[in-house]
Amino acid sequence: MSYFKVLAFEKEPFSTSPDPEFFYLSKEHETALTNIIIELRLKRGLSVILGDVGTGKTTLSRKLVQELKKREDFLFHIVLDPSFEREGVFLSSLAKNFDISNLNDNSLLDMRETLERFLFQKGVAENKTVTLIIDEAQKLDENSLELLRVLLNYETNEFKLLQLVLLGQMELHFKIMNIPNFFDRISFKYTLNPLDFDETKEMIDFRVRQAGYKAKMRLFLDEAVREIYQYTRGYPRQVTMLCHKALKNLVLKKRFVVDAVSIREIIEEEIKSGWHRRDLLLQKNSY
Ligand SMILES: Nc1ncnc2c1ncn2[C@@H]1O[C@H](COP(=O)(O)OP(=O)(O)O)[C@@H](O)[C@H]1O
Ligand SMILES: [Mg+2]
């Protein structure tokens, strides 16, 4: 029987899949999400969200998709891995995903023109906001970035025809900084930082409740959250993984609450087995 059923959860509280149901709106996630939506509604073109691995970019993008699905005036597509070998491959994939049937793949110029006509038809004639969201955007190569720059040039007097949201690791910043015509076009840029202590605590409680835990007693004692925060520095993915292990141990050891000792046990176990992240420990020692 899975541990979450033993603890009377309806769902797994600390799954690491980017499920929008478990999305805790931290100050930074909320700022990012609200601003992206404003930029999209104003059709201002390009938003860029940067963040280290595990800060919640993919989860944020899923939440954004969930929001856009509610709006009929949006036509959007999300690219999960933008490693396109050639511009033609990128263009064909866009055409396929936006349902552009008559995209002529004879020449790149033709393909671009067809795409431009499509954007004009949807954006101006049908009054839709066409949006392309790209996760893992640090993987975009020079050619793909150049194509995106060209697409961002398509505009009417009032607005851009394609809205672009890029989410990527910090190296994306260096990539686009070197393309002045690209960097200048960013209308909203934001860096997601890890959570602070209070947010770490709130995120844990939020996920526990969201998974259907109804008891009054808190499952994670403050002293446990303090250990979790110290070890993970508030990186949501690390927090999620550690909490998952803590609940598994709780069931194995037939305990009822997660305390500081049980978190320390897990961390020590990781150190012994050599599976810990050295950078996290270094950080902890200098804490
Ligand atoms: N705001 C959040 N609320 C709840 N859980 C989150 C949040 N952000 C991230 N997580 C958790 O951390 C994990 C890693 O987040 P993810 O979005 O994949 O990070 P990134 O894409 O930046 O590497 C997610 O699977 C999710 O479980
Ligand atoms: Mg991601």
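The values are calculated or read from the model by the stated rules, or taken from the named source; none is laboratory data. Note that the structure is a prediction, hence the values are computed from the model and not measured. Backbone-built Cβ (ideal geometry, glycine too); neighbour counts: all protein chains shown.
A few points about this structure:
- Scanning region 243-265 for residues that are part of a helix (DSSP H, G or I), touching a residue at least 24 places away in the same chain (Cβ under 8 Å) and not hydrophobic (A, V, I, L, M, F, W, C) returns H244, K248, S262, R264.
- Looking at region 1-110, the helices (runs of 4 or more DSSP H) lying wholly inside it that each contain 3 or more residues that are in the same structural domain as L152 (by TED's automatic domain parsing) sit at 27-42, 57-69, 87-97.
- Counting residues in region 125-134 that are in the same structural domain as G56 (by TED's automatic domain parsing), crowded, with 18+ Cβ neighbours inside 10 Å, at pLDDT 90 or above and within 16 Å of ligand 2 (Cβ to nearest atom) gives one or more.
- Boolean, I38 is surrounded by 14 or more Cβ atoms within 10 Å (Cβ to Cβ) and either more than 16 Å from ligand 2 (Cβ to nearest atom) or on the phi < 0 side of the Ramachandran plot (or both): no
- Qualifying residue in region 43-51 (condition: over 20 Å from R149 (Cα atoms) and modelled with pLDDT of 95 or more): yes
- Residue in region 115-132 that is closer than 26 Å to V53 by Cβ and free of Cβ contacts under 8 Å to residues at least 60 places away in the same chain present: yes
- Number of the exception - E223 against (1) part of a helix (DSSP H, G or I); (2) modelled with pLDDT under 95: (2)
- Condition check for E158 on (1) of a type outside the set (F, W, Y); (2) at pLDDT 95 or above; (3) part of a loop (DSSP other than H, G, I, E, B): one failure, at (2).
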